[in-house]
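The values are calculated or read from the model by the stated rules, or taken from the named source; none is laboratory data. These figures come from a predicted structure and were not determined experimentally. All Cβ positions, even for glycine, are placed from backbone atoms using ideal geometry, and neighbour counts span all protein chains on display.
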Amino acid sequence: MQDIYDPLKSYAEEFREKFQSVAAETFRGLVEDSGIDIAANKVTVKALYETEDRLSKVSSALSRWRLVRIILLLVAVAGLLLPVLTANANDWDFGRISDGAAKFLLATMAAAAIAAPVIVFCLNDKIKFLSGEKENLEKKVTALKQEAWRQLEPLNKLYDWDLTLRMISKTVPKLEFDPFFTHQRVLDLEKIYKWDSSFNETRSVIYANSGLINGNPFVFCKTRKMEWGTKVYTGTKTIHWTTLERDSSGKLCTRHHSQTLVAELEKPFPEFLTGTRLIYGNTAAPDLKFKRKKSGYADGGIGAWFKKRELRRFSRNLDDDSEYTMMQNEEFEVAFETKNRNDERQFRLLFTPLAQRSMLSLLKDKVFGYGDDFDFEKNEMINCIIAEHLSAMDLETNPKRYRHYDFDEAKRIFFKFNQEYFRSIYFAFAPLLCVPLYQQMRSCEDIYGKEWADRASFWEHESLANFWGQKYFKHPDCVTESILKTEEISRGNGESLVKVFAHGFRKERRLTYVQKWGLDGSLHDVPVYWDEYLPVCGTGTFSAAEDPDAARQAYSPNGRAEHIAQKIRDFAQDGNGIYRRNMISRL
């Protein structure tokens, strides 16, 4: 396959339709392997929806008639008071209503009160009938839904975690995904590409997916970190005082005053933030550093005009330490503003005229792609893409999302999710694909067949811990979210025992007095209650084992489903196990 130098054009003219074709072929294969009866399912689902519609109408009618019955019963109860009311009718004050009209009103109410019990008695039969019909329809809905689930169960069990990634690799052959994030991939990033592992010290990995594109490693990751923010607490105090003042006649009198003083106090508050990014290693331009922020300047406008003037002045300034020299393509310089770059020669080596044109097309397009929605940071041999659309996308390819009892709905969900997933992943790579040199460079070191190639990294262990959920590991006193960190404490027979440390916070109620001036001319201590957040750490363990063969062997869908089921049976005899991205785990 040829290199992709214009990712936008390649997507619009080739990959979009190719992925749709691959997805259609994949889904068709799953249906054939499952052996489900689509026609029978459609008959069942049609009957189910018709029954649910009938149930909805019956339930509404039942509610209405029950309301009518309640109203009539209230009228009947009111009628019990009529003897008393009629006995004193002459003493009533009806205002403008005549005595005759009042007596007519009372007579009407009496008649309604007498008729109400009769009507209620008749309604009971109707309500009883509707209640029975509702109960029967509910049983029928349950039975039909169970039957629909049974009909699609052979298909539902064939979906797996790697289904979407396999379709992407078929569409873009130079894009390969690992069965799980291996320890070898971490070592490659650290040793070959000088990845700074301190990135992980304050973060917990929620999701990570690694692989190769054009032979160079990448990692998609979603992480959670804690940062100290602030929270404003408020307290109040009401003060009272008196003053002597002369009234209008000149006499001294005492006046009472009051004021509610409000005090605010700002204290540290732990905030938990999630972020998604694409990390990519490439040895091209190994000393170059820059940070590019999304700006929207590719669309032109007055902002782009002012930015161009600013960059021109900055480029001509020879008194600072910057080596920045504005290139001839000023439109690119404005749209992809990187005046903080540290090496002009290497920057121009990467961003050739072809790369500039491709990048500008990418930044301007909002039809196929997402336009200018990404930050691009290069730190020597490590590139980082942070895209808004990627952060908004659920990168978990959990097969549960496809499972449904309605074949048409399952098919719709399958195509909708996978098409958007491919688009999201592709356009996260697109800024990197705009650079021809990135597709021509590859590390000279062999990245296959190494000692750690089949061992999961701590990234994958943290992902598993977060997939299990914080509730299994958090400290009993923790009142916030937790940052889950892991440590492999033993390894044997292909199984790792992983210890989880859940870093969170408990809180203690505190009281601080804040001085505020009152209108009485004095300082007052206003009590403000606030919460102090103190660190706590919960712990727990789980077991994890890799299953690389499931991804590398050419299982049929049914064979793969049975392989996964057998792995879970072997690994978690009590059934308390999960299978996720070719990793099996138990608590």
Of all residues in region 173-199 being hydrophobic (A, V, I, L, M, F, W, C) and assigned to a helix (DSSP H, G or I), the one that is farthest from the chain's Cα centre (by Cα): Leu187
Residue under evaluation Pro436, criteria (1) surrounded by fewer than 23 Cβ atoms within 10 Å (Cβ to Cβ); (2) under 20 Å from Trp161 (Cβ atoms); (3) touching a Phe, Trp or Tyr at 6+ places or on another chain (Cβ under 6 Å), criterion not met: (2)
Subset of region 188-205 that is of a type in the set (S, T, N, Q) and surrounded by 12 or more Cβ atoms within 10 Å (Cβ to Cβ) - its residue that is farthest from Thr276 (Cα to Cα): Thr202
Every pair of residues 6+ apart whose Cβ atoms lie under 6 Å, when the first sits in region 202-219 and is polar (S, T, N, Q) while the second is in a strand (DSSP E or B): Thr202/Lys225; Ser204/Arg224; Ser204/Ile483; Ser204/Leu484; Asn209/Phe220; Ser210/Val219; Asn216/Gly281
Residue list for region 31-58, restricted to those being surrounded by 17 or more Cβ atoms within 10 Å (Cβ to Cβ), more than 32 Å from the chain's Cα centre (by Cα), closer than 30 Å to Lys126 by Cβ and of a type in the set (A, V, I, L, M, F, W, C): Leu55, Val58
When residues of region 427-459 are limited to those that are among the aromatic types (Phe, Trp, Tyr) and not in a helix (DSSP H, G or I), the one modelled with the lowest pLDDT: Tyr448
Only one of Leu362, Leu437 that is in contact with a Gly (Cβ under 7 Å, 6 or more places away or on another chain), over 30 Å from Ile38 (Cβ atoms) and in contact (Cβ under 8 Å) with a residue 40 or more places away in the chain: Leu362
Subset of region 239-267 [touching a residue at least 24 places away in the same chain (Cβ under 8 Å) and in contact with a Lys or Arg (Cβ under 8 Å, 6 or more places away or on another chain)]: Thr260, Leu261, Val262, Ala263, Glu266, Lys267
Selection count where residues are in contact (Cβ under 8 Å) with a residue 24 or more places away in the chain and either polar (S, T, N, Q) or under 25 Å from Ile584 (Cα atoms) (or both), scope region 190-201: 1
Conditions (1) in a loop (DSSP other than H, G, I, E, B); (2) touching a Cys at 6+ places or on another chain (Cβ under 9 Å); number of the one not met by Asn340: (2)
Among (1) among the acidic types (Asp, Glu); (2) over 25 Å from Phe427 (Cβ atoms); (3) touching a residue at least 12 places away in the same chain (Cβ under 8 Å) - the single one Asp178 does not satisfy: (2)
All positions within region 132-183 that are under 21 Å from Asp37 (Cα atoms), among the acidic types (Asp, Glu) and out of contact with any helix residue (DSSP H, G or I) (no Cβ under 7 Å at 6 or more places or on another chain): Glu153
Matching residues, region 155-166, being under 15 Å from Leu212 (Cα atoms) and surrounded by 20 or more Cβ atoms within 10 Å (Cβ to Cβ): Leu165
Enumeration of residues in region 243-278 that are hydroxyl-bearing (Ser, Thr, Tyr) and in a loop (DSSP other than H, G, I, E, B): Ser248, Ser249
Tyr297 vs. criteria modelled with pLDDT under 85 and surrounded by 16 or more Cβ atoms within 10 Å (Cβ to Cβ): no
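Restricting to region 21-30, name every residue that is surrounded by fewer than 16 Cβ atoms within 10 Å (Cβ to Cβ) and either of a type outside the set (Asp, Glu) or under 16 Å from Arg423 (Cα atoms) (or both). First the steps, then the outcome.
First pass over region 21-30, keeping only residues surrounded by fewer than 16 Cβ atoms within 10 Å (Cβ to Cβ): 21, 24-25, 28-29.
Residues satisfying the conditions are Ser21, Ala24, Arg28, Gly29.
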Answer residue from region 413-429, given it is surrounded by fewer than 19 Cβ atoms within 10 Å (Cβ to Cβ) and charged (D, E, K, R) and is farthest from Tyr159 (Cα to Cα) among those: Glu420
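Does Thr230 satisfy the criteria of being among the β-branched types (Val, Ile, Thr), part of a strand (DSSP E or B), over 22 Å from Tyr426 (Cα atoms) and touching a residue at least 60 places away in the same chain (Cβ under 8 Å)? Outline the logic, then answer.
Working: among the β-branched types (Val, Ile, Thr): yes; part of a strand (DSSP E or B): yes; over 22 Å from Tyr426 (Cα atoms): yes; touching a residue at least 60 places away in the same chain (Cβ under 8 Å): no.
Spelling it out, it is not the case that Thr230 is among the β-branched types (Val, Ile, Thr), part of a strand (DSSP E or B), over 22 Å from Tyr426 (Cα atoms) and touching a residue at least 60 places away in the same chain (Cβ under 8 Å).
Output the residues belonging to region 219-254 that are farther than 17 Å from Pro268 by Cβ and among the basic types (Lys, Arg).
As a first pass, look at region 219-254 and keep what is farther than 17 Å from Pro268 by Cβ: 219-224, 235-254.
Within region 219-254, Lys222, Arg224, Lys237, Arg246, Lys251 meet the criteria.
Being assigned to a loop (DSSP other than H, G, I, E, B), in contact (Cβ under 8 Å) with a residue 40 or more places away in the chain and under 13 Å from Phe220 (Cβ atoms) is the filter here; which residues of region 383-417 pass it? Before you say what the answer is, go through the steps one by one.
Step one: list which residues in region 383-417 are assigned to a loop (DSSP other than H, G, I, E, B), which gives 393-398, 403-406.
Next cut, in contact (Cβ under 8 Å) with a residue 40 or more places away in the chain only: 393, 395-398, 403-406.
Met393, Leu395, Glu396, Thr397, listed by residue number.
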Failed criterion for Ser424 (all others in (1) outside any loop (DSSP other than H, G, I, E, B); (2) among the hydroxyl-bearing types (Ser, Thr, Tyr); (3) modelled with pLDDT under 95; (4) in contact with a helix residue (DSSP H, G or I) (Cβ under 9 Å, 6 or more places away or on another chain) hold): (3)
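Limited to region 313-326, what total is found for residues that are part of a loop (DSSP other than H, G, I, E, B) and surrounded by fewer than 16 Cβ atoms within 10 Å (Cβ to Cβ)?
Kept after step one, since they are part of a loop (DSSP other than H, G, I, E, B), are these residues of region 313-326: 317-326.
If we keep only those that are surrounded by fewer than 16 Cβ atoms within 10 Å (Cβ to Cβ) as well, we get 317-323, 325.
The number of residues fulfilling the criteria is 8.
Could you go through region 305-312 and let me know if any residue there is of a type in the set (Phe, Trp, Tyr), out of contact with any helix residue (DSSP H, G or I) (no Cβ under 7 Å at 6 or more places or on another chain) and more than 29 Å from Ser391 (Cα to Cα). Walk me through it before giving the result.
We begin by selecting, within region 305-312, every residue of a type in the set (Phe, Trp, Tyr); these are 305-306.
Subsequent filtering for residues that are out of contact with any helix residue (DSSP H, G or I) (no Cβ under 7 Å at 6 or more places or on another chain) retains 305-306.
The next check asks that each one be more than 29 Å from Ser391 (Cα to Cα); those that pass are 305-306.
Yes: one or more hits.
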Test for Glu310: is it of a type in the set (Asp, Glu) and either under 37 Å from the mean Cα position of the chain (by Cα) or surrounded by 14 or more Cβ atoms within 10 Å (Cβ to Cβ) (or both): no
Hey, Tyr297 among the hydroxyl-bearing types (Ser, Thr, Tyr), without any contact (Cβ under 8 Å) to a residue 60 or more places away in the chain and at negative phi or not: no
